[in-house]
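Each remark here refers to the structure printed beneath this line.
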Amino acid sequence: MKIMVVGGGGREHAIIKKIKENKSVTEIFALPGNGGMAKDATLVDIGAKEIDKIVEFAVTNAIDYAVVAPDDPLVLGCVDALEAKGIPCFGPRANAAIIEGSKVFSKNLMKKYGIPTAEYEVFNDMQAALAYLETAPVPTVIKADGLALGKGVIIAQTREEAKAAVVSMMQDKAFGSSGDNIVIEEFLTGPEVSVLAFTDGKTVAPMVSSMDHKRAGDNDTGLNTGGMGTIAPNPYYTASVAAECMEKIFLPTINAMNNEGRTFKGCLYFGLMITPKGPKVIEYNCRFGDPETQVVLPLLESDLLTVMMAVTEGRLGELEVKFSNKSAACVIMASAGYPQSYEKGFELTIPAEIENNVYVAGAVLKDSKLLTNGGRVLGVTAVEENLKSAVESSYSLVKKIHFDNAFYRSDIGAKALAVLED
Ligand code: AMP
Ligand code: GLY
């Protein structure tokens, strides 16, 4: 089988490595992929948002199955366009990807169907939003409606900060048209848990839970990033929390989407907060998380391609999706300065014996040398019997990888280990 994976980061590298385990796979194309995955896939110089070119490539190369991994192409209708040419895909159609593409849509969906989430108001008028903030409780959370490269959420500690956020989104268009509508919502507290779930619109198969580390610095200091490391499973996601989530969040969400005529097929990502009043949805993503995928898929014991195809064909209920009882930790190595400005073009060396543990996010091949080419350069994952060993192994692998100006957090997993030791 010829497989095509749309996207080019560490998440896509993890998906590609797992799909490769299926014996019927003859070739995997990555559009655009990155130089660090050249040993695992054929790189194709087509960007993830170039829908017409993606479809043309798939048709010309007789692709048997496509995986569309990032949010942008999903929201832009990449799956719809591929399916129109008869190419089976993993990923939701545009009318379901809106669950991530519009925060106003997802908040209204949760309200309509009684799915637990923060209280909120929607505004399309800046003056009305500013007037509301005069009396709104703080801290408060301001969210741009549309996709904003993960930056469209501002936690405002004071009314002044909240107003500044509203002006930057609605007047200064900090996130372009994504800020035409905004959501102002209640500030929730509690540990966060990421749960990715396979769903074909009938069955929901949650994957092992995980914990992201979003801030750039140790002890959750510094700027928000795309994610500096992950661990799985997340110790806050106990069996009773999982049961509650299935009953009050996962199944109601799938049913709500069906009821709206927007059946969701693919990987639905539930960003949850375990509040004193129970689990609530912070956000939905219409795709695998990055870097959650880099700890979740290494723990998957079932064959990924088989599960994906069952999702596409609406047969997920016939399978048992199995995960290992082990633990995984992924440490992201980034370029110093990320998430702001950083230098790139430094030579990257990954010893051959640890290549299996490395998911490359930002690198380019030049004259057969691998050079850094992004803020987040790579993730190093270790799977062990318990979380403590996984974290230790991951850090010992990190020390074997070299590039100038590398930086990484030194406390990935520390919070989770403290919970386990309690
Ligand atoms: P993202 O949408 O991935 O940029 O993440 C936004 C982050 O902001 C989440 O991971 C939470 O940590 C935080 N957040 C979002 N909404 C709320 C909320 N209502 N209350 C508290 N924290 C929030
Ligand atoms: N790690 C968070 C995300 O993928 O959105």
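Toward the positive end of the charge dipole of the chain, about the Cα centre and with charges on Cβ (Lys, Arg +1; Asp, Glu -1), which of Ser177, Ala156, Leu300 goes farthest?
Most positive-ward Cα: Leu300.
Calculate what fraction, in whole %, of the accessible area of segment 246-366 sits on carbon and sulfur atoms when a 1.4 Å probe is rolled over the protein chains. All intermediate terms of the calculation are to be shown ahead of the outcome.
Working: 2150 of 4840 Å².
Within segment 246-366, the accessible surface is 44 percent carbon and sulfur.
Rounded to the nearest 10 Å², what accessible area does Arg315 show when all protein chains are kept and the probe is 1.4 Å?
My reading of the accessible area for Arg315 is about 80 Å².
Counting only protein heavy atoms and a 1.4 Å probe, tell me what percentage of segment 105-222's accessible area is made up of carbon and sulfur. Intermediate values should be presented prior to the final figure.
On the way: 2710 of 5260 Å².
Result for segment 105-222: 52 percent of the exposed heavy-atom area is carbon or sulfur.
Report the paramagnetic label zone for Ala84: residues of segment 179-211 whose backbone N is under 12 Å from a point 7 Å from Cα along the Cα-to-Cβ axis.
none
Restricting attention to the alpha-carbon atoms of the chain, what are Rg (one decimal) and Dmax (integer), both in Å?
20.7, 61
What are the ³J(HN,Hα) values, in whole Hz, obtained from phi via the Karplus relation 6.51 cos²θ - 1.76 cosθ + 1.60 with θ = phi - 60°, for each residue of segment 217-228 in sequence order, with x given for Gly and Pro?
So the J values, rounded to whole Hz, are x, 4, 6, 6, 10, x, 6, 6, 10, x, x, 9.
Quote the accessible area belonging to Asp72 in square angstrom, nearest 10, computed with a 1.4 Å probe and with ligands, DNA and RNA left uncounted.
Per-residue accessible area (Asp72): approximately 50 Å².
Between Lys322 and Asn124, what FRET efficiency follows from the Cβ-Cβ distance if R0 is 45 Å, with the result rounded to 0.05?
It comes out at approximately 0.45.
Expressed as a whole percentage, what fraction of the accessible surface of segment 35-96 belongs to carbon and sulfur atoms when a 1.4 Å probe is rolled over the protein heavy atoms?
Values: 1280 of 2620 Å².
Taking all protein chains in place, segment 35-96 shows 49 percent carbon and sulfur surface.
Once you put a point 7 Å from the Cα of Lys202 and another 7 Å from the Cα of Glu392, both along the Cβ direction, what distance in nm separates them?
4.7 nm
Cys267 accessible area, nearest 10 Å², 1.4 Å probe?
Roll a 1.4 Å probe over it and Cys267 shows about 0 Å².
What's the FRET efficiency of Thr349 with Asn22 using the Cβ-Cβ distance as r and R₀ = 35 Å, to the nearest 0.05?
Values: r = 30 Å, r/R0 = 0.85.
According to the calculation, E is roughly 0.70.
Give, as ranges by residue number, the residues of segment 215-233 whose backbone N falls under 20 Å from the point 7 Å along Cα→Cβ of Gln157.
Hits in segment 215-233 for Gln157 at 20 Å: 215-225.
Starting from the Cα of Lys214, draw a straight line to each of the aspartates and glutamates and keep only those under 14 Å, dropping any in the same chain fewer than 8 residues away.
List returned: Glu192, Asp290, Glu292, Asp411.
Describe numerically, in nm with one decimal, the distance between label points set 7 Å from Cα along Cα→Cβ at Asn219 and at Lys111.
4.0 nm
From the cross-link list Lys151/Lys280; Lys326/Lys388; Lys2/Lys53, which pairs have alpha carbons spaced over 19 Å apart?
Details: Lys151/Lys280 21 Å; Lys326/Lys388 11 Å; Lys2/Lys53 17 Å.
Exceeds cut-off: Lys151/Lys280.
Could you do me a favour and compute the accessible area per residue for segment 252-369, 1.4 Å probe, result in Å²? Mind dumping the intermediate values first?
Details: 4840 Å² over 118 residues.
Accessible surface, normalised per residue, equals 41 Å².
Accessible area per residue for segment 95-150 in Å², computed with a 1.4 Å probe and the full protein assembly in place, what is it? Kindly include the intermediate steps, with their values, before the conclusion.
Details: 2460 Å² over 56 residues.
Per-residue accessible area for segment 95-150 comes out at 44 Å².
The values are calculated or read from the model by the stated rules, or taken from the named source; none is laboratory data. Note that the structure is a prediction, hence the values are computed from the model and not measured. We place every Cβ from the backbone using ideal geometry, glycine too, and count neighbours over all the protein chains shown. The protein model used for the area step is the full one, side chains on, heavy atoms only, and it has no ligands, DNA or RNA in it. Shrake-Rupley method; radii C 1.70, N 1.55, O 1.52, S 1.80 Å.
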